[in-house]
1. Name the residue that is surrounded by the most Cβ atoms within 10 Å (Cβ to Cβ), counting only residues in the stretch 304-333 that are among the small types (Gly, Ala, Ser) and not in a strand (DSSP E or B).
2. Report yes if some residue within the stretch 423-439 is in contact with a Phe, Trp or Tyr (Cβ under 6 Å, 6 or more places away or on another chain), farther than 19 Å from Leu516 by Cβ, free of Cβ contacts under 8 Å to residues at least 40 places away in the same chain and within 13 Å of ligand 2 (Cβ to nearest atom); otherwise report no.
3. Among (1) at pLDDT below 90; (2) among the polar types (S, T, N, Q); (3) touching a helix residue (DSSP H, G or I) at 6+ places or on another chain (Cβ under 9 Å), which single condition is Asn148 missing?
4. Identify, from the list Tyr454, Tyr417, Tyr463, the residue that is open to solvent by 60 Å² or more (accessible area, probe 1.4 Å) and among the aromatic types (Phe, Trp, Tyr).
5. From Lys95, Lys71, which residue is more than 29 Å from Leu150 (Cβ to Cβ) and open to solvent by less than 80 Å² (accessible area, probe 1.4 Å)?
6. Could you tell me how many of the residues in the stretch 227-253 are open to solvent by 70 Å² or more (accessible area, probe 1.4 Å) and part of a loop (DSSP other than H, G, I, E, B)?
7. State all residues of the stretch 494-536 that are touching a residue at least 12 places away in the same chain (Cβ under 8 Å), assigned to a helix (DSSP H, G or I) and under 24 Å from Phe465 (Cβ atoms); if no residue qualifies, say none.
8. Any idea which of (1) open to solvent by 50 Å² or more (accessible area, probe 1.4 Å); (2) over 30 Å from Arg431 (Cα atoms) is the one Leu516 doesn't satisfy?
Amino acid sequence: MVKNQILIVDDSEINREMLRLILEDEYDIVEAGNGKEAIEIIEKGDHVFRLVLLDLVMPVMSGYEALQEFKNRGWHHNLPVIIISGDSTDEALSKAYDLGAADFFAKPYNPQIVLRRVTNVISSREYAYRDLLTGAYNRLGFLQMANNFLQKCEDRTKFAIMFFDLKNFKAINSLLGTEGGDAVLRQTFNGMVHAELEPIFISRFEADHFVCLVEKRKIDVAKLIQESNQTLEWNGHSMQFRFRTGICHIDNDSDVINFVDRAKLSLNYIDDEYLKPYAIFDDNMAQNYINAAAVTSEFETSMANEEFKVYYQPVMETATGKIASAEALIRWIHPERGFVRPDLFIPALEKDGFISKLDLFVDKKVNQVMQLWKEQGLVTVPVSINLSWMDFYDQDMIQNILDNVAQRITTPGSVRYEITESSFAALKENRGDVLKALREQGAWLLMDDFGSGYSSLGMLMNYKFDILKIDMSFVRQLEKNPDVKHIIKMIIDMCHLLGMKVVAEGAETETQVNILREDACDYIQGYYFSKPLPEEEFKQFLAKCKEEGKI
Ligand code: C2E
Ligand code: MG
Ligand code: MG
């Protein structure tokens, strides 16, 4: 158990010693001889103090001056102060209270009362560091405690950060209501408190994400796999839920937030969350790691320097092997980092709102290139553009897309947009009508990554799509799991009933292609036919298709 830290500021050594004796069983005590020393200690940042006990009359810097300095630095919000002066005139006290003091102890000290009041003042301020629902640390509290703890460790490489991501939390919330969701969060927290893992600090870091600081030697992956499946017994309901875990070993002395970011990032590398629901951040991921702040700060320059390139991945007709269309996929060719994968920078751009600029760039670029090729008498195919959920929160972006479609459309489907279910919320909240407007103008809509989340069917019920793209994770399992073949077949039949065509994404082997053909899947996009190609190579690919009569 890590103790909370208290700073005692008094010029009288005997006084400090007395208070220390009363408090040191429960708290970690640091001492200062005057206000100036106190400020230096706090500013140094080696400690996270939960309380300051402050004498008023001291040499060098008095308690009043110290209180004023605390206020100037904004510390008074989070750092409560109890006055411990012998000078207890009403005037002295009211001056101290005016300066933000929280309480006052009169001498002689009654140990029981001192301990109680210290505990009361500290716990009344805990909300700033705690998540009220579970009692775990919140983000602020966790980062402070973990940073402070590691600073004092002789060997911080003995530790690791674990990032737990609850799966389907939104689904649980909508099935059981917020109270059921809360019960899941509480159960998760209680499970961690009692786990053999014995985390040093546990936090509910954000919504359904828990972060722990743990000792590396306590991590037992076999246990982790076992415990990633949980059952909630709540109000007569029994419900399964799961979590995935990203792990990052602490290997240098940078701020804890960096390790939390990396642990979170490693979640993206979990391939099969049933077999191996965890990932450990490694060198390969480190090479790809690029923090969100760097993406944001470099974005505009990189755009200006034309570091973003559009690649094209062919989509083939299954029955004939002819090229049917292509998908535009963005690539960042960074002067130092080299090739940066989109899933490493797109989430950052979605957070800061830049993604719409990028999507509009792709939209314009693709149109320009196809226009040019047509003018040169070359063959082209319709190219679909990916839209981010963020785009639907941006009125200018929506207007731009609508205007572009109006200008460019030649035949139905000559302009195409891919949308994932992550746009569902934005569409419902904002402009649900925009999809309809796009289709009315003749643009085709593709439901992307179908089956990867829980509201894929919700999207289909609420909006009309022309083409459905089956998520790569299904095709991945096609050879291993015979049920998946039936699921894919069912999706295809459903789409055909609804008047939609189907693209299967991510086919890499001949076996996969053959099964998809048997199932009457209309189109296939995957490495088996071609990887995403840079502009020049795509041009050659099209030329070759023409030569071979495959267009
Ligand atoms: P997506 O739209 O589902 O794109 C398909 C992804 O599958 C692409 O990854 C593509 O390279 C990959 N892929 C296709 N066939 C295969 C295969 O056979 N095997 C494997 N292993 N992968 C295959 P990519 O290019 O890394 O893009 C990832 C995601 O980033 C895209 O998923 C899309 O959601 C997003 N994205 C890419 N470009 C843009 C863009 O311009 N705007 C927006 N908003 N998102 C984009
Ligand atoms: Mg796509
Ligand atoms: Mg997709």
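1. Step one: of the stretch 304-333, the residues among the small types (Gly, Ala, Ser) are 304, 319, 321, 324-326, 328.
Subsequent filtering for residues that are not in a strand (DSSP E or B) retains 304, 319, 321.
Numbers: Ala304: 8, Ala319: 11, Gly321: 14.
The qualifying residue surrounded by the most Cβ atoms within 10 Å (Cβ to Cβ) is Gly321.
2. Yes, the stretch 423-439 has at least one match.
3. All conditions are met except number (3).
4. On the way: Tyr417 fails: open to solvent by 60 Å² or more (accessible area, probe 1.4 Å); Tyr463 fails: open to solvent by 60 Å² or more (accessible area, probe 1.4 Å).
After applying the criteria, what remains is Tyr454.
5. Lys71
6. 4
7. Of the residues in the stretch 494-536, the ones touching a residue at least 12 places away in the same chain (Cβ under 8 Å) are 495-496, 498, 500-513, 515-517, 519-535.
Subset that is assigned to a helix (DSSP H, G or I): 495-496, 510-513, 515-517, 535.
Matches in the stretch 494-536: Cys495, His496, Gln512, Val513, Ile515, Leu516, Arg517.
8. For Leu516, the failing item is (1).
The values are calculated or read from the model by the stated rules, or taken from the named source; none is laboratory data. Values in this document were obtained by computation on a predicted structure and should not be read as measured data. Note that each Cβ is placed from the backbone with ideal geometry, even for glycine, and that neighbours are counted across all protein chains shown. These area figures cover heavy atoms from the full protein model, side chains too; ligands, DNA and RNA do not enter into them. Shrake-Rupley method; radii C 1.70, N 1.55, O 1.52, S 1.80 Å.
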